[in-house]
Amino acid sequence: MGPKKDKKKGKDKKGADESADNGGVLTPEDQVKLLGCVNRSLQLQLADRHEMAVKAMEAKKELQSRVVDLQKDFEEGKNQTFGITQDMTRQYKSMQEELLNRINALENTNTELRDQLELARVHLEEVKREKDGALANKNSEIQELKAKMEEMAAEFGDMLKETLDRMRERIEISNTSYDNESGAPMMRRLEEFNLGGSPAKGGESREIRSSYDPQVYLWNCVWVGVEVH
């Protein structure tokens with residue numbers, strides 16, 4: 001192709017020289033040759049432009065393919081990130097809900113324990129008041145019983161003293177009918193049982209009351225032979 005073009009160019013130059021020799025007027029053959037050269041030049045330029053366009057289209061397609069791949073990767077990453085975000089959000093909400101439930105449960109337990117503690121405190125105060133009241137009642141009853149016992153002991157001491165006085169009077173009267181031998185042993189017996197002599201006073205009266213036994217008293221009266229009224 002190259003040598004032929006050079007040959008043709010040589011012919012064109014030769015024709016051009018001849019045309020120049022002819023005064024610059026081209027013959028029809030020269031015009032056909034010239035137009036053919038122009039046509040071939042344009043075809044070559046068109047081929048070059050077409051090749052450049054094809055390369056540009058290929059580059060464009062490759063670039064578009066890369067853009068599509070990048071966009072696809074971006075969408076996949078976006079979807080993956082969105083999925084991870086949704087999963088994390090779901091886990092966060094679940095943990096938050098679980099934590100709130102635990103907080104509410106602990107608050108309810110705390111409230112119940114406080115209520116139970118308050119009820120226990122109130123119950124303890126009531127039991128303490130009842131115990132104090134019962135203890136006070138017991139102490140009052142004990143004091144009343146002590147007072148009654150002391151009163152009964154005093155009454156019994158008075159009754160015993162009165163009985164002893166009456167017995168002493170009767171014994172003294174009955175002793176007038178006995179002789180000295182028979183009266184002295186009886187008085188000794190009375191003195192042994194604290195029935196003779198002066199009346200008991202103060203501590204002696206308390207000793208008589210505390211040491212008194214009704215069975216012993218009746219037996220002594222029977223033994224002495226005194227009738228008790």
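Some observations on this one:
- Residue-by-residue Karplus 3J(HN,Hα) for region 69-83, coefficients 6.51, -1.76, 1.60, Hz, glycine and proline x: 4, 5, 5, 5, 4, 4, 5, 4, x, 5, 5, 5, 4, 5, x
- Other residues within the sphere of radius under 12 Å centred on the Cβ of Asn108, judged by their own Cβ, net out at -1 (K and R +1, D and E -1).
- Net length gained if the chain between Met149 and Ser174 were fully extended (0.36 nm per residue, minus Cα distance): 5.4 nm
- In order along region 28-44, phi translates into HN-Hα couplings of x, 5, 5, 5, 4, 4, 5, 5, x, 4, 5, 4, 5, 5, 5, 4, 4 Hz, rounded to whole numbers, per the Karplus curve 6.51 cos²θ - 1.76 cosθ + 1.60 with θ = phi - 60° and x for Gly and Pro.
- Potential extension, Asn101-Glu29 segment - 0.36 nm per residue separation minus Cα distance: 15.5 nm
Bear in mind that the values in this text are calculations on the coordinates, not laboratory data. Predicted, not measured: the structure shown is a model, and the values here were computed from it. Heads up, the Cβs are rebuilt from the backbone with ideal geometry, glycines too, and the neighbour counts pull from every protein chain shown.
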